[in-house]
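Worksheet for the structure shown next.
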Amino acid sequence: MKFVIARYHETLWWTKFLPQTDLIIYNKGRTPIPGSIPLPNVGREGHTYFTYIYDNYDKLDNYTVFLQGDPFDHSPFIFRQLLFYLMKEKVMSFDFHFLSQSVLPCNINHCRYHKNLPMRAVYEHLFEKTPVKTLQFEFGSGAQFIVSREQIRRRPREFYLKIVKMLETSTNPVEGFVVERFHGLIFAPRTRTTENNDSLLF
């Protein structure tokens, strides 16, 4: 299991409690962090997360945990969650879990927690299909989650590069807020449908 940290200006004191050999810190701040990987300050945490996936697509661990530089704001009990996963790692078989205290409802036309997001346009760009008008989904507030290697690889490597390119245009692109809401869709399980026998369920 790897722990990927998206850091800007946070102190990261809490990371000393994680397995150091499995810790990857991406640093977008001006303060150097020994052993970290520097990235330009663009694209919010999504740019960091999907850069890691694209760069490490062929050498992913069984599970990867994606965390903010300060994970406690939206996940005050994150240590309890991470300890559980560390203890159960060898027997885990799920695909994807949010690591947020609040998992909130949303739909493709409106998000009450952040209005006027271009969700339909971003969806069509990423998934290259038109979403159904009634599409509903959940998102984990704070953009922290754990996902399996198999689930990441259900999509081609180039799909994640598309996200990176979309988010690298500015420091705080509005698309970053949309991608946060789409984590559950991006890592959705495969299912059989009548239209396509090997499609992803959205």
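The values are calculated or read from the model by the stated rules, or taken from the named source; none is laboratory data. Not measured: the values here are computed from a predicted model. Note that we place each Cβ from the backbone using ideal geometry, even for glycine, and neighbour counts take in every protein chain shown.
Considering (1) over 20 Å from residue 152 (Cβ atoms); (2) in contact with an Asp or Glu (Cβ under 6 Å, 6 or more places away or on another chain), the lone condition that residue 43 does not fulfil carries the number (1). Restricting attention to region 10-27, the residues being in contact with a Ser or Thr (Cβ under 7 Å, 6 or more places away or on another chain) and not β-branched (Val, Ile, Thr) number 3. Across region 123-152, the number of residues qualifying as of a type outside the set (Gly, Ala, Ser) and within 14 Å of the chain's Cα centre (by Cα) comes to 9. I need a count of the residues in region 163-183 that are of a type in the set (Lys, Arg) and buried (at least 16 other Cβ atoms within 10 Å of the Cβ). Residues flagged as of a type in the set (Lys, Arg) and buried (at least 16 other Cβ atoms within 10 Å of the Cβ) within region 163-183 amount to 1. Of all residues in region 74-98, those satisfying the criterion of being over 18 Å from the mean Cα position of the chain (by Cα), part of a helix (DSSP H, G or I) and not hydrophobic (A, V, I, L, M, F, W, C) are 80, 88, 89, 90. Condition check for residue 17 on (1) surrounded by 17 or more Cβ atoms within 10 Å (Cβ to Cβ); (2) within 27 Å of residue 148 (Cβ to Cβ): one failure, at (1). Could you go through region 155-165 and let me know if any residue there is of a type in the set (D, E, K, R), at pLDDT 95 or above and under 28 Å from residue 72 (Cα atoms). The answer is no; no qualifying residue exists. Residue 122 meets each of the listed conditions (1) free of Cβ contacts under 8 Å to residues at least 60 places away in the same chain; (2) farther than 21 Å from residue 60 by Cβ; (3) surrounded by 16 or more Cβ atoms within 10 Å (Cβ to Cβ); (4) of a type outside the set (D, E, K, R) apart from (1).
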